[in-house]
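See below for the structure under consideration.
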Amino acid sequence: MKIDLHIHSREGSDGRMKLPEIFDEAHRRHITVISITDHDSIESQKSAQALASKYAMHYITGVELNISFSHPRYNDSKPISLDVLGYQFDIFNRSLSQKLAELREHRRVRAERILGKINEELIRRDIQPFSDADLKAIEETVDGAFGRPHIADYMVKKNIVSSRQAAFDKYLVKCDIPKLPVSLEEASSLVRGAGGKIILAHPNNSNGTSLVSFTPSLQKQIEIIKESMLPYLDGIECWHSSHDKRAVSAYLEAARSESLLVTGGSDCHQNPVIMGTVPVPSYVATQFGITV
C-alpha cells in the first residue's frame, strides 16, 4: 500500500498540476491512499473524490490551514506561522466553507498589497513596476487560492528574477503582508466541528512554516507541543519530505506517548513531482478506517 496524504493542486492552491494530471500520475506511481490538501481551500475535494473513485483509490478529504502560534519562551512571545492539516471532514460543512471563503478573499487583497510593496522595490531598482494589467495577468494564472508563489512565478516569466526562490529571497520575504490570523484553537474548532481530525504539519521542516522557527531542537519542539498544543491536535505529520530519520523517529515516539494519530505525505507541489516518494507505512491508513 502506497500512501500520500499531502498533495497540492493547481485548482486549489499552488500546485503545478491539475487534478486529472495528479491522479493519473498517482495511479502510475501505484498510490492507493491519497489526499489533496490545498491551502485554505476545499473546492477541489468533490472532484478529487470522483477521480479517486475512477482510479480505485481510497480518498481522505484534506485541507492545509495556516495558523498563527506563539509561545512565551520563544521569539519574544511573538507569533510564528505554522501549518495544520485537516482530514476526513464534511466538505459541505457551512462554518468551515465560510471561513475558507474569508481566507481566500483576504489572500487576494493581501496579494494586491504585496504587489504594491514590490513596486516600490522595483522603482528603487529602476525596474518597470507592475501595472493593473500585470495584476490581471497574474490572477489569470490562479485556479485556486491566490498566494505569493503565483507572484513569484510571474516575476520569473517577466525575467525580473531567475527562479521562484530568487523571487522570495529578493522581494517576497521583504515585501510580505501578514496573513489573516487564524489561531490553533480556531482551526481545531473548524476542522473538528466539520467532523474531521486536525494534524500538525511538518513540525521539523527547516525550509517552511514549522516549529524550527522557534528552535531546531527536536526535544524542545516536542515540549512545545506537549505544553501548549495537545488539547487542539489529533495527530502529527511524522513522515514528510523534509523530515530525516531522526525527526521521524522523535515525532513517532512523541505521538505514541500521547496517543496521537500519525500521518505522512510528500507535500508535493509538482516542482518536482515527488508524490509517493515518502515511505508512509500502511498502518497510517487504518487510523482512518481504511483496510486493503
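Among the residues making up the stretch 131-167, those that are surrounded by 15 or more Cβ atoms within 10 Å (Cβ to Cβ) and among the β-branched types (Val, Ile, Thr) are ILE138, VAL142, ILE151, VAL156, ILE160, VAL161. Screening the stretch 195-224 for residues that are closer than 19 Å to SER266 by Cβ and among the hydroxyl-bearing types (Ser, Thr, Tyr) and picking the one that is modelled with the highest pLDDT gives SER210.
Looking at ILE31, ILE7, ILE22, which one is over 21 Å from ASP83 (Cβ atoms) and buried (at least 21 other Cβ atoms within 10 Å of the Cβ)?
Details: ILE7 fails: over 21 Å from ASP83 (Cβ atoms); ILE22 fails: over 21 Å from ASP83 (Cβ atoms).
Testing whether each residue is over 21 Å from ASP83 (Cβ atoms) and buried (at least 21 other Cβ atoms within 10 Å of the Cβ) leaves just ILE31.
In this structure, is PRO216 under 17 Å from the mean Cα position of the chain (by Cα), more than 16 Å from VAL284 (Cα to Cα) and not in a strand (DSSP E or B)?
On the way: under 17 Å from the mean Cα position of the chain (by Cα): no; more than 16 Å from VAL284 (Cα to Cα): yes; not in a strand (DSSP E or B): yes.
No; evaluated as a whole, the condition is false for this residue.
Does at least one position in the stretch 236-247 carry a residue that is small (Gly, Ala, Ser), over 30 Å from ARG94 (Cβ atoms) and exposed (fewer than 15 other Cβ atoms within 10 Å of the Cβ)? Full working, then the answer.
First, pick out the residues of the stretch 236-247 that are small (Gly, Ala, Ser): 241-242, 247.
Now narrow it down to the ones that are over 30 Å from ARG94 (Cβ atoms): 241-242, 247.
From what is left, the residues that are exposed (fewer than 15 other Cβ atoms within 10 Å of the Cβ) are none.
The answer is no; no qualifying residue exists.
All of (1) modelled with pLDDT of 90 or more; (2) in a helix (DSSP H, G or I) hold for LYS136 with one exception: (1).
The number of residues in the stretch 1-56 being of a type in the set (S, T, N, Q) and at pLDDT 95 or above comes to 7. Of the residues contained in the stretch 246-268, one or more are found to be touching a helix residue (DSSP H, G or I) at 6+ places or on another chain (Cβ under 7 Å), among the polar types (S, T, N, Q) and closer than 20 Å to ASN66 by Cβ.
Restricted to the stretch 219-241, and to residues there that are polar (S, T, N, Q) and more than 14 Å from LEU82 (Cβ to Cβ), the residue that is farthest from the chain's Cα centre (by Cα) is GLN219.
The values are calculated or read from the model by the stated rules, or taken from the named source; none is laboratory data. Here the structure is a predicted model, which is why all the values come from computation and not from measurement. Glycine gets a Cβ as well: all are built from the backbone with ideal geometry, and neighbour counts include every protein chain shown.
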